[in-house]
Amino acid sequence: MQRSAVDALRTGNHLSRDAPDEESGRRAATHRDQRRNAISDPRTNDRIRVPEVRLVGPAGEQVGVVKIEVALRLAQDADLDLVEVAPNSKPPVAKIMDYGKFKYEQAQKLKEARRNQANTILKEVRFRLKIDKHDYETKRKRAEGFLKAGDKVKAMILFRGREQSRPEMGVRLLQRFAEDVSEFGQVESTPTIDGRNMVMVIGPLKNKSEAKAEANAVRAARREANTPEEESAESESV
């Protein structure tokens, strides 16, 4: 039996409602992104809908609680923006600043933080519970080298046999190790049991880029210190 044209149209309309086209999907994704940005970005200028704010000046000076109209006028007179920096305070805190410059600087800081995080490598240093002094010093110096280079160190104690019944000894050894390298790193993860082992993570005090810049400066200083000696040696040989 042949379907009528009306039935066919109804079926087509039903299908079109159930399967949204690609353009609708793109619009929905765009709206979601806009909502996310609206949530994450602070309110600025006339988007700040409160009667008064605690105002901070462009140099960080405390102006005090003022009417929102006054704060907006001061920002406009300074050719800057009024940015709500603490919306949950009573009254909300707003600061006069160059918002475009602020967003750029924040984006650069976030980019640098992600780069440092991506470049940071987790180096592993393994101990036995009954480690001799020479072996311990070797591993300590090795860990210090990793930390000075801006890398994290995973200190691991390998328990054998009945040693697993004495976890407090492992904790003491790792705490001693953390204290010995504290000039270059700090504990990020306290000692925890991982199967038959005990692990602790120590993070560098300086990030990867800072450590690299410092190492380059040290190398440059050494080259400069060695140059006069080399020149005097050459002049004596002549």
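The values are calculated or read from the model by the stated rules, or taken from the named source; none is laboratory data. Because the structure is predicted, anything quoted here is derived from the model rather than measured. Reconstructed Cβ throughout: ideal geometry from the backbone, glycine too, with neighbour counts over all protein chains shown.
Looking across the range 161-208 at every residue that is modelled with pLDDT under 90 and either touching a helix residue (DSSP H, G or I) at 6+ places or on another chain (Cβ under 6 Å) or assigned to a loop (DSSP other than H, G, I, E, B) (or both), the one that is surrounded by the fewest Cβ atoms within 10 Å (Cβ to Cβ) is identified as Gly195.
With respect to the stated conditions, Ser16 fails to be at pLDDT 50 or above and more than 27 Å from the chain's Cα centre (by Cα). Can you confirm whether Gly60 is surrounded by 10 or more Cβ atoms within 10 Å (Cβ to Cβ) and either of a type in the set (Gly, Ala, Ser) or in a helix (DSSP H, G or I) (or both)? It is false that Gly60 is surrounded by 10 or more Cβ atoms within 10 Å (Cβ to Cβ) and either of a type in the set (Gly, Ala, Ser) or in a helix (DSSP H, G or I) (or both). Checked against the criterion of being touching a strand residue (DSSP E or B) at 6+ places or on another chain (Cβ under 9 Å), of a type outside the set (Gly, Ala, Ser) and in contact (Cβ under 8 Å) with a residue 60 or more places away in the chain, the range 137-160 contains one or more residues that satisfy it.
Residue-wise test of (1) loosely packed, with under 12 Cβ neighbours inside 10 Å; (2) touching a Pro at 6+ places or on another chain (Cβ under 6 Å); (3) in the same structural domain as Glu188 (by TED's automatic domain parsing).
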position	(1), (2), (3)
Ser89	no, no, no
Lys109	yes, no, no
Thr138	no, no, yes
Ala149	no, no, yes
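Only one of the numbered conditions (1) at pLDDT 95 or above; (2) surrounded by 15 or more Cβ atoms within 10 Å (Cβ to Cβ) is violated by Phe127, and that is (1).
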